1. Need one number: nm distance between label points at MET107 and GLU140, each 7 Å from Cα along Cα→Cβ, rounded to one decimal.
2. Hey, what's region 1-99 come to in accessible area per residue, 1.4 Å probe, Å²?
3. Which aspartates and glutamates does LYS24 reach when only Cα atoms under 15 Å apart count, and residues fewer than 8 places away in its own chain are ignored?
4. Quick one: what Rg and Dmax do you get for the chain from the alpha carbons, in Å?
5. Using θ = phi - 60° and the Karplus curve 6.51 cos²θ - 1.76 cosθ + 1.60, what whole-Hz ³J(HN,Hα) does each residue of region 54-66 get, with Gly and Pro shown as x?
6. Leaving out same-chain residues fewer than 8 places away, which lysines sit with a Cα under 22 Å from that of LYS30?
7. Roughly how much of ARG125 is accessible, in Å² to the nearest 10, using a 1.4 Å probe?
8. Roughly speaking, to the nearest percent, how much of region 10-152's 1.4 Å accessible area is carbon and sulfur?
Amino acid sequence: MALSQKEMDVIKDLQTQEQCCIEKYKRYEKEAKDPVLKGLFGTLAQKEQQHYDSLVQVASGKTPSCNCNDQDGKNYSPVATYDTMSESADKKNDAFLATDCIGTEKMVSSEYNTNVFSFAESAVRKLLGDIQIEEQNHAEMLYKYKTVNGMA
């Protein structure tokens, strides 16, 4: 499969977004105070790396098979670390990190939603649609973390 210049430009833009997500989650994993949130950030960094790797394959002319994981958000059930009524500095820090990442996931999901229609190949459109759903799942997981910890 040969991509047009426009399709290659879109792939490069999406790779940049994924690379930023990977770096953000790795940094925030170090900055988070709560071990539960640290673990979530580590998991999400790995998921974003998988997205990046899929885009690398598309750029090289291959479309990886995809099996949309639309259950991560639904099935995520974090354990509360913070008392819902407390307002410690650690809780405020972690709330900021989680909230910032929700905003990032919304933006990246929107990019996939918009750019999916730039591709002629249906397999690539399916892959990008699947990644978009996974980005939504990431935001849902972060929101559930915030909710159980009285941050939402």
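The values are calculated or read from the model by the stated rules, or taken from the named source; none is laboratory data. Only a predicted model underlies this, so the values are computations on that prediction, with no experimental measurement involved. Note that each Cβ is placed from the backbone with ideal geometry, even for glycine, and that neighbours are counted across all protein chains shown. With ligands, DNA and RNA removed, areas are computed over all heavy atoms of the protein, side chains included. Shrake-Rupley method; radii C 1.70, N 1.55, O 1.52, S 1.80 Å.
1. It is 2.3 nm.
2. On the way: 5620 Å² over 99 residues.
Each residue of region 1-99 exposes 57 Å² on average to a 1.4 Å probe.
3. GLU48, ASP94, ASP100, GLU105, GLU135
4. Rg then Dmax for the chain, in Å: 16.5, 56.
5. Couplings: 5, 5, 4, 5, 4, 4, 8, x, 10, 10, x, 5, 9 Hz.
6. LYS38, LYS47, LYS91, LYS92, LYS144, LYS146
7. ARG125 exposes around 80 Å² with every protein chain in place.
8. Values: 3620 of 7200 Å².
Taking all protein chains in place, region 10-152 shows 50 percent carbon and sulfur surface.
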